[in-house]
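*Asks:* What follows is a structure written as structure tokens; I'll ask about it next.
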Amino acid sequence: MHHDIKRLVFTGHAVRQMFARNISSDDVQAVIAGGKPVAEYPDDQPLPSRLILGFVHDRPIHVVLAYDEESQTGYVVTAYEPDPDLWTDDLTARKES
């Protein structure tokens with residue numbers, strides 16, 4: 001499910017989260033361009049989304065990206081630094097609680 005994103009839109013939630021976590025839009029774009037998808041959420045509404053893991057200056061960042069195929073628009077839902085207490089060592093799966 002690799003997409004040609006013609007337009008990237010940051011949701012209000014994503015912008016607030018990025019600001020609070022000191023993650024720039026350049027960081028997010030680098031993760032989307034070079035990161036690896038670690039989870040797919042095809043049933044997400046209103047659009048299917050995926051979780052992407054990337055590293056920016058050795059800092060791990062998760063980006064949740066929804067994609068509208070019709071308009072070829074990517075929507076950044078949120079971006080955050082995964083908490084090692086909640087994620088497996090490779091940061092690709094949530095730990096079992």
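*Asks:* Taking 8 Å as the Cα distance limit and 6 or more residues as the minimum spacing, I'd like the relative contact order of the chain as a percentage. List each step's numbers first, then the result.
*Replies:* Numbers: 170 pairs, mean separation 28.9, N = 97.
Relative CO of the chain lands at 30 percent.
*Asks:* In sequence order, what are the phi-derived ³J(HN,Hα) couplings for segment 88-96 according to the Karplus relation 6.51 cos²θ - 1.76 cosθ + 1.60 with θ = phi - 60°, rounded to whole Hz, with x for glycine and proline?
*Replies:* Per residue, the Karplus-derived 3J(HN,Hα) values read 5, 4, 8, 6, 10, 8, 5, 5, 6 Hz.
*Asks:* Assuming a ≥ b ≥ c are the square roots of the Cα gyration tensor eigenvalues, decide whether segment 7-80 counts as rounded (a/c under 1.5), prolate (otherwise, with a/b larger than b/c) or oblate.
*Replies:* Prolate, because a/c is 1.5 or more and a/b exceeds b/c.
*Asks:* Note the angle between two axes, namely the Cα long axis of helix 12-21 and the longest principal axis of the Cα atoms of the chain, as a number of degrees from 0 to 90, rounded to the nearest 10.
*Replies:* The answer is roughly 30 degrees.
*Asks:* Also: Would you work out which of ALA39, THR88, PHE55 lies farthest towards the positive end of the dipole of the chain, given +1 charges on the beta-carbon of Lys and Arg and -1 on that of Asp and Glu, about the Cα centre?
*Replies:* Looking along the dipole axis, the top candidate is PHE55.
*Asks:* If packing is taken as the mean number of other Cβ atoms within 10 Å per residue, what is the order of 27-34, 43-50, highest first?
*Replies:* 27-34, 43-50
*Asks:* OK, next. Is segment 42-97 rounded, prolate or oblate when judged by the Cα gyration tensor, a ≥ b ≥ c being the square roots of its eigenvalues, rounded requiring a/c under 1.5 and prolate requiring a/b larger than b/c?
*Replies:* The shape class here is oblate.
*Asks:* Exactly which trypsin sites (Lys or Arg not before Pro) in segment 1-34 are in a DSSP loop and have at most 13 other Cβ atoms within 10 Å?
*Replies:* LYS6
*Asks:* Using helices alone, what [θ] at 222 nm do you get for the chain, with -39,500 (n - 2.57) per DSSP H run of 4 or more residues, divided over all residues and rounded to the nearest 500?
*Replies:* Calculated at 222 nm, the ellipticity per residue is -6000 deg cm²/dmol.
*Asks:* While we're looking at this one, here's another question. Nearest 5 percent is fine: what portion of the DSSP beta bridges confined to the chain is antiparallel?
*Replies:* Antiparallel bridges make up about 85 percent of those DSSP assigns within the chain.
Each value in this text was obtained by applying a stated rule to the coordinates, not by laboratory testing. In this text the structure is predicted, and so the values were computed from the model without any measurement. Note that each Cβ is placed from the backbone with ideal geometry, even for glycine, and that neighbours are counted across all protein chains shown.
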